[in-house]
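What follows is a single structure, written as structure tokens, with notes after it.
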Amino acid sequence: MDLEELSSTLSSIEGEYRERSAAVASLHDLETLRSEFVSKKGKVALVYRQLGAMPAEMRPKAGELINALRERIEADIAAAAPALEEAARLERLAATAGDPSALVAGVRRGAGRLHLVTRTRIQLEDIFVGMGFTVEEGPEVESEWYNFEALNIPKYHPARDGQDSFYLNLGEEDSMVLRTHTSPVQVRVMQNRELPIYAIMPGRVFRRDTADARHTVGFHQIEGLVVDKGITFGHLAGTIENFTREYFGPDITSRLRPAYFPFTEPSAEFEITCTICKGSGCRTCSHTGWIELGGCGMVHPNVFEAVGVDSEQYSGFAFGFGIDRLAQMRWEIPDMRVLTENDIRYLSSV
Amino acid sequence: MRAVLSWLCDFADFYSLADRQAPGYYDVLAATLADAMNARGLVVEGIEKSGMGLDRVVVAKVVEIHPIKGAERIRRIMVDAGAGELEQIVCGAFNFSEGDHVPLARVGTVLPGDFAIGLRKMKGVESHGMLCSARELALGTDYDGLLLLDKGTDPGAPLAEAINVVPDIVFDLAIEANRPDANCHLGVARELAVHFRLPFSIPALADLCGVKRSDLDPGAVRTEGCDALLLARFGDVSAAVVPDYVPRRLGLAGMRSISAAVDASNYVMLEFGQPTHPYDLAALPAAYVGVREAGVGEELTTLDGKRRALSVPKGGAPAVDMVIVDSNDQAIGVAGVMGGESSEIGADTRSVLLEVAHFSAQMIAKTSKRLGLRSEASARFERGVDPEIAEPALARYSQLLGILPEEIACYRRTSAPAVVRLRLARLEALLGASLPIEKLVRDLELMGFSWHRIEEGVLEFVIPSNRPDVRIEADLVEEFARHYGYANIERRQLLVPKVGHLTHAQRMRRAISEFSAARGFQEAWSATLLAPGEQEAYGDDAAKITVSNPMAVEESVLRRSLVPGMLRSLGANLRRGEAHVDLFELGKVFSIPAAGADFPNETERAAWLSYRADGGPEHAYGLLADLFDRFGLDLSSGFELVRSAEIGPGALAQAGYLGLHPGNSLVLVAGSRVVGALGMLHPQALAHVGGEGATGQAGYLELDLVATLFLEPELKRAVSVSPYPRAEFDLSFAVEREMLAVHLEKRVGEALAGLEARVQLIDEYLGAGGRSLTYRVTVAASDRTLGEAELRVIRERAIAAAVEPGGATLRG
């Protein structure tokens, strides 16, 4: 074989390589090509092995030609690899593609919610804690003394009519009740805590009423109590107003009007701007522009006496209203009885 | 109470408060008065206009009445309403007959309350208008039938002219329990007259000076509960006529006109707040009645036809009711509550004995409550009737009837008026405002208070007899505040000298709720009061606290466990077809106290229920472990988990944990106390609430919060974690079915103390070959890489701990 033949062989190998490499579609094809042409047993190596049969003076030149071809092919293969590697990565990624929205029932745990009453209670607590109040608690089963007597509601007092109580078969007859309001907690707090007191008392209460769209047998109230030196009716009005604006927003204001509660004197009912019509008058507020929210007043001297607080030195105010009622207003709940049915569709709807 | 404008105007000229010539006069007047009433604590719950908007209502004479085929509740009425021909009306009332005169609202009329009359067709019969009741015309509250008109009225005449309709306004007022003085027109009018500073006067009263008077026989009143008894004997009242306005105003105030003698009695009650009782003298043995306490069990038939037993002791405590008795000492009425049937005024009554009395508010309240009988009279007496109003009431009665009594006998036990001192500095300090004292003192004078100065800044007030609500200084403070106007008291900022905060338990309650919600549980609120037998259905035979006066028997037993409520909620959801229900609840449970204690054992618990129709519910033990981890508590120290079977089903129910699967549940014990329970719910409990729909499985966890999650975790140092590689090996053990996986895990964990170790159950096998548990153990040392030899020793240590007596055997 002379140099001419060699050149022709090499150019036919190179031609074949160019043809084949144009058809390379994958890293695997590229590897096959490398193996066929430039591996130890590849076509270029086979030509190299024939070098021995050539005249010695031609060998360096021939070697040069063969090596040049190998380097060209190797460089070509190296240049082609990255694009093919990238294509391979994309192919692997495509194979693992999927639909992230395909969520089969039962896989999702779901997010639960707090009960509407709990959410309302927390919001109320936060407002008053923000004002500097603490949160106090008391038992749901109360003695008649805490629930009535200590609050200046003696037996046969007309005020006992409005809050017909569930009496329990416990101790002496009619001595223990399911508390009808959160006010007995006031008494406990005044007995057990150091003065001054700035506290709210949320909790469940019970009234012997037939359940209907606006009442459930058990429901929730929040009570507030402030006892300190120099506390005035003006402070009560200011606190009610601060609460009203914080909870209902700047469009809603409060007003107090005379009322009667045995455990406060003077007593007041507090009303807020109707949240439906913003005060212009609608069915909800009987066209008055105001809706009743709760009761309040200055702590009655008899209550102070029952718990041993000197009413000449200290004065205080108390207020209370329904938590469930606020939930009903906020979420426009047509029938309060749904609150105790615990239908998960309902609980998770708002 | 229903306050009638024209009636109030008998006391002061409230008509002058608005411009009579201006449009909408009555609306303006009503709004002005309602604002004043509200500001003074007489809460206006409704305003009704009467005698207005009746321009198109005419008098109609009923000519023919025909039944309608297939309709029992309506009839076809042909009326003559002056149109020249008969008009056909369909009517549902039955209180009239042919020849009666009734009001007709023709098609196109708009009745009070924006009720438009259109042409209607009922059962195929056209109705060209509506025949009206008093209430439909806003002329009264009577709704039992049509308003029957005088037969002297002309058919076709406008109703307003024919019966002299007077425009009027009725205020529906809610009067607070402490203001008995405002429970009558006199009181409301006085309050408003003071508010508007209008001249105030009492309407004409009959002059009784010339009437023969005597003191009642001292034996007539034989009880401390009656301090005044005035008896007036009237001759023949059968021809007496009360003024036209009496029945009209009574109708507007909500009372039906009956007869002159009864109407006058009711009128005086609504006007002066004094209940009176007229007796038919013919039914009494003598013109005399007395008051005494009823004997135990003494019986009487009241006006409502009911036989009632009096002075019946309740629960061992004596009960004292008062009765009115005739001269033979026979009970003829329950004093202050309701008269008896025997001496009721009737159509043929001629002579009347009028009783005007004053009774102890407390005794009437007790009697009324005991008998479950409330009347207009008892409602007034139990709040307190003005003891000074009896004489004027009698004079007013006499004036209305137009007849003077023939004789008056009276008994009176007077008591000194209440006197209350007010420190002006205290007044201003409590209200936080500086007040126009002189103006306010004048207001009180107009309300009937008198006063004198004791010393500088201290006034002593003599309280009028109609104000039992004013007895201490604070009451006067309220009276001053009311006259000043609550709205005029300036709001002041409360400056709290403390930092607000929640307690640990309160923060925990929120954290537990948020944690549970994040795990997919919905918060439930279930009933505290359960039905009898409801807890027994879940295995609880302990005694329970019950309500002595339930509304409904289904709500009469206090819950000892949260299970019944959670199961009720589950049942409700299953009935609606839910297959996936996760609920949690925080609430109180109650059990009978130890002997001697009054208060029950009231504890706060939390419960989680997870139900799946298919597949496994949330794992109750996993939830417990996560809760303890999340809140920094250690389930392996101070607590112990044992199978329910070990402590026995009775003991578990005794502790108030119910409804669990006996073989697939655990008890959480702290010391010797049960503080929680968890596992699968009993299939029977599921079936109890879910019926055939409950085919899935439910996991359940209930904890005593105070004894578990409310505990404050100990403050721990932060640990430094090992930087060395971790080694891992699996151990498989054959175990008894009773063995608790957590116990084995704990043993292995304890054997690896001193290392950074994690022991996790990775497989449970249950089959023919018995039961086996496979744990994956991951270990590292804090100061070195563990070598192979060391790891072998560690592995042997773990195995040894697991297979110790009563434990497991290693599987090959």
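Worth pointing out:
- Extension gain from B:ALA174 to B:SER548, taking 0.36 nm per residue of separation minus the Cα-Cα distance: 131.5 nm
- Convex hull volume per residue in cubic angstrom - Cα atoms of chain A: 291
- Among B:CYS9, B:CYS132, the sequence by solvent-accessible area, most first, with a 1.4 Å probe is B:CYS9, B:CYS132.
- Low-density loop cleavage sites - GluC sites (Glu not before Pro) in region A:259-350, where at most 14 other Cβ are within 10 Å (DSSP): A:GLU312, A:GLU332
- Computed with a 1.4 Å probe over protein heavy atoms only, the accessible surface of region A:1-156 comes to 57 Å² per residue.
- Carbon/sulfur fraction of accessible area - the protein assembly as shown, other protein chains in place, 1.4 Å, %: 50
- Inter-chain Cβ neighbour average for residues B:547-553, partner chain, 10 Å: 6
- The alpha-carbon positions of region B:221-269 define a convex hull whose volume is 106 Å³ per residue.
- Percent RCO, i.e. relative contact order, over region B:669-812, from Cα pairs under 8 Å lying at least 6 residues apart: 25
- Taking chain A, the Cys residues with no second Cys beta-carbon under 4.7 angstrom are A:CYS296.
- Among the trypsin sites (Lys or Arg not before Pro) within region B:488-583, those in coil by DSSP and having at most 15 neighbouring Cβ atoms inside 10 Å are B:LYS498, B:ARG576.
- Chain B - percent relative contact order, Cα under 8 Å, separation 6 or more: 8
- Two-site FRET efficiency, B:GLU796 against B:GLN760, from Cβ-Cβ distance with R₀ of 22 Å, rounded to 0.05: 0.65
- Proximal lysines relative to B:LYS151, as straight alpha-carbon distance under 24 Å, when same-chain residues fewer than 8 apart are discounted: B:LYS61
- In chain A, the DSSP-assigned H stretches of four residues or longer account for a calculated mean residue ellipticity at 222 nm of -13000 deg cm²/dmol, using -39500 (n - 2.57) per stretch and the full residue count as denominator.
- Those residues of region B:671-703 whose amide nitrogen sits under 17 Å from the label point placed on B:ARG643, 7 Å along Cα→Cβ: B:678-682
- Across all directions, the shadow cast by the convex hull of region A:25-179 built on its C-alpha atoms averages 24.4 square nanometres.
- At R0 = 30 Å, FRET efficiency that the Cβ-Cβ distance of B:ASP614 and B:ALA511 yields, to 0.05: 0.40
- Model label zone, B:ALA347; criterion: amide N under 20 Å from point 7 Å along Cα-to-beta-carbon; scope region B:113-155: B:144-152
- Sites B:ALA116 and B:PHE200, calculated FRET efficiency, Cβ-Cβ separation with R0 51 Å, nearest 0.05: 0.75
- The aspartates and glutamates within cross-link reach of B:LYS123, meaning a Cα-to-Cα straight distance under 17 Å and a gap of 8 or more places when in the same chain, are B:GLU72.
- Partners of A:LYS229 within straight-line reach, counting lysines whose Cα lies under 24 Å from its Cα and excluding those fewer than 8 residues away in the same chain: B:LYS498.
- Taking all protein chains as shown and a probe of 1.4 angstrom, B:TRP525 keeps an accessible surface of around 10 Å².
- Whole-number percent relative contact order across chain A, with pairs defined as alpha carbons under 8 Å at least 6 apart: 14
- Per-residue SASA entry for B:THR153, accessible area with 1.4 Å probe, Å² rounded to 10: 10
- The listed residues A:ILE231, B:ILE454, once ranked by accessible area (1.4 Å probe) with the largest placed first, stand as B:ILE454, A:ILE231.
- Relative to its residue count, chain B spans a Cα convex hull of 281 Å³ per residue.
- With Cα atoms as the point set, the radius of gyration and Dmax of region A:211-320 evaluate to 15.7, 47 Å.
- Computed with the Debye formula from one identical point scatterer per Cα of the protein assembly as shown, without solvent, the log10 of I(q)/I(0) at q = 0.04, 0.07 Å⁻¹ comes to -0.38, -0.87.
- Highest to lowest packing among B:329-335, A:167-173, B:617-623, scored as the average C-beta count within 10 Å: B:329-335, B:617-623, A:167-173
- Region A:100-147 and region B:197-221 have Cα centres separated by 62 Å.
The values are calculated or read from the model by the stated rules, or taken from the named source; none is laboratory data. If you're wondering where the values come from, they're calculated on a predicted model, not measured in any experiment. Neighbour counts are summed over all protein chains in view; Cβ atoms, including those assigned to glycine, are modelled from backbone coordinates with ideal geometry. Note: accessible area is taken over every heavy atom of the protein model, side chains too, but ligands, DNA and RNA are not part of it. Shrake-Rupley method; radii C 1.70, N 1.55, O 1.52, S 1.80 Å.
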